[in-house]
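Trainee: The structure's right below; bear with me while I get my questions together.
The values are calculated or read from the model by the stated rules, or taken from the named source; none is laboratory data. As the structure is a prediction and not an experimental result, all values here were calculated from the model. Every residue, glycine as well, gets a Cβ built from its backbone with ideal geometry; the counts of neighbours run over all protein chains shown.
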Amino acid sequence: MKIKTKLRLGFGFLFILVLSFGLIALFFLNELSNKSKVILKDNYKSLKYVGAMRHIVDESSFPLSTEKAQQFEENLKYEGQNITEHGEKIAFEKLASAYHSLQLSSNVNNLKNLRSALHTIEDVNMKAIYQKNEQANAAASRANLYISIAAVLSFLILFTFIVNFPGFVANPLAEFSAAIKQISRKNYKQRLHFNNHDEFTELADAFNGMVLKLNEWENSNLSKIKSEKLRIEAIIAQMQDAIIGLNEKGEILFLNHLAAKLMNLDEDKIIGQNATELMKKNELLKRIIKPATENKTLKIYADDKESYFLLEHREIVIPNYDDQDEKTLIASSKSAGSVYVLKNITQFKELDEAKTNFIATVSHELKTPLSSIKMSLKLLSDERVGMMNEEQNQLLTHIKEDSDRLLKITSELLDLSQVETGNLKLTFAITKPIDIVNYAVDAVKFQAEQKSIQLEMNCDKNLGFVNADIQKTAWVLVNFLSNALRYSSEKSKVQIDVIQKDQFIQFSVQDFGKGIDEKYQKRLFERYFQVPTDGQNKSGSGLGLAISKDFIEAEDGKIWVESAIGEGSKFSFALPAVS
């Protein structure tokens, strides 16, 4: 039976129930009304006629006058037409006979008979009124009883209908809702069973068919997923890098052989364990998952020697399909865990150290002959040794410039080797910023005079002190100034600013040359990087700014550049201020 038919039958039943209750009430009310009418109509008239005749008899003597006789006979006539009760007719005949007898002759016996007849008629009608009143009361009681029974039955039926009928629609919908939630949790064993042969049954059959297809699809892909899982596990196990995987709860999800060997762990036993608890017992795992510093290079004793590993951390992000509160923002993705990879860079570290040692050795070996060359050039320039012509002086100047350039490069390479080997030694001293600036300006004053470049210095008078290595900090400032003079046109100016900003003393060198393209600015402080030139300016080794960055950061400072094409460049560094 269709749901629409059931709804029609249900509401039709309610309509019939209400109509039946109304008809029952109407029937008993009509019966009660008829009983009341009978009481007021017939018996009341008889009592009225008898009362009128009794009044005439009591106030007059027989034979009656014509007027009184006419009134008495008229009431007697009406009474004869209104005989309704048993025994009333005999009393009426007796009354009529006694009246006619009295009209002929006044006799005491006839008067008694007349009064007796009037009393009999009155008594019969009074008893009839009493009986009919009792019948009316009984009818009213019966009506109340039946109406009450009908009302109670109607209430019970309506209450049962109100309680049960919504469930007829709501219960299947609730079952559908619960089943859909189970399907969303991938419980494909969920089934619905309705035997009402209505639309819900058809919908349940369609739902069961859909779940069956989903279950078949899940099972058909399960073997593929397992195969892919085993393949991925095999790849991870054979990788030359140590790999550790955690799920979103911080539990060990996978661990390859190399990672287990490095941390001295049994990979079969720790799978599924909480990483936080394991870190309490394993210091290396703690250094990997929660490193104390931002340095991603870890030194680990492995393969019977100190080895170096580069730590890489990746967070696994997947789409978010979870149910969320409507009042909250819906996140499109969520974390599914983290992967930590330790790449063995020992070979590269050893090569880098060999390169550094080679550069340091070569630089050191070159520095002595270059110093000798400079000394020889100085002696050649001395007029006491002998006079040289103009061409010889030019050649001597070029040799001097190239030797100075080579000596500068070797000095930079030695400084770089100190930084890379960790042998950089700083001699900290509390000094005034102006002293560092004056030291640097004196070093480049001759170079500025050669190009007629004005050095403009702006230094606040109320500056604090800095705790720094004076020589190395001045070297950085000299490097800034040398670059600014090199790329500035003749008769221009270079501006030196020293200000205090927050808790730092900021040193800046600004030139007004061609500027540096934005795409090169991020690489300026990289080693061996040189900005392409037009050939007019001799480029350096590409180490000056890289070494400057190492010096400043070793002093807990910051270094940066601001530049735009056609507006010049501004190189700055900041050191912590001390009181």
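Trainee: Looking at the structure I just gave you, is Lys249 in a helix (DSSP H, G or I), under 32 Å from the mean Cα position of the chain (by Cα) and under 22 Å from Tyr340 (Cβ atoms)?
Mentor: no
Trainee: Related question: Under the condition of being assigned to a helix (DSSP H, G or I) and among the aromatic types (Phe, Trp, Tyr), which residue from segment 52-108 is nearest to the chain's Cα centre (by Cα)?
Mentor: Among those residues, the one meeting the criterion is Tyr78.
Trainee: Next up: Inspect segment 109-128 for any residue being under 60 Å from the mean Cα position of the chain (by Cα) and within 30 Å of Leu26 (Cβ to Cβ) and give the result as yes or no. Spell out how you get there, then give the answer.
Mentor: First, pick out the residues of segment 109-128 that are under 60 Å from the mean Cα position of the chain (by Cα): none.
No, because not a single residue in segment 109-128 is under 60 Å from the mean Cα position of the chain (by Cα) and within 30 Å of Leu26 (Cβ to Cβ).
Trainee: Could I ask something else about it? Of all the residues that make up segment 84-109, how many are surrounded by 18 or more Cβ atoms within 10 Å (Cβ to Cβ) and free of Cβ contacts under 8 Å to residues at least 24 places away in the same chain?
Mentor: 1
Trainee: Could you grab the pairs with beta carbons closer than 7 Å, sequence gap of 6+ or different chains, first residue in segment 263-276 and assigned by TED's automatic domain parsing to the domain that holds Ile243 and without any contact (Cβ under 8 Å) to a residue 40 or more places away in the chain, second one exposed (fewer than 12 other Cβ atoms within 10 Å of the Cβ) and part of a loop (DSSP other than H, G, I, E, B)?
Mentor: Qualifying pairs under 7 Å: none.
Trainee: Checking Glu248 against (1) out of contact with any Ser or Thr (no Cβ under 6 Å at 6 or more places or on another chain); (2) in contact (Cβ under 8 Å) with a residue 40 or more places away in the chain, which test does it fail?
Mentor: Here Glu248 clears every test but (1).
Trainee: Considering Leu145, Leu173, Leu153, Leu118, which residue is out of contact with any His (no Cβ under 7 Å at 6 or more places or on another chain), within 30 Å of Leu76 (Cβ to Cβ) and either in the same structural domain as Asn43 (by TED's automatic domain parsing) or not charged (D, E, K, R) (or both)?
Mentor: On inspection, the qualifying residue turns out to be Leu118.
Trainee: Determine, yes or no, whether Leu310 is at pLDDT below 80 and more than 21 Å from Leu253 (Cα to Cα).
Mentor: The answer is no for Leu310.
Trainee: How many residues, within segment 455-502, are among the basic types (Lys, Arg), within 21 Å of Ser579 (Cα to Cα) and assigned to a strand (DSSP E or B)?
Mentor: 1
Trainee: Can you pull out every residue in segment 182-195 that is assigned to a helix (DSSP H, G or I) and surrounded by fewer than 12 Cβ atoms within 10 Å (Cβ to Cβ)?
Mentor: Ser184
Trainee: Quickly run through segment 548-574 and pick out the residues that are of a type outside the set (Phe, Trp, Tyr) and either outside the structural domain of Tyr487 (by TED's automatic domain parsing) or in a helix (DSSP H, G or I) (or both).
Mentor: Hits for segment 548-574 are Ser548, Lys549, Asp550, Ile552, Glu553, Ala554.
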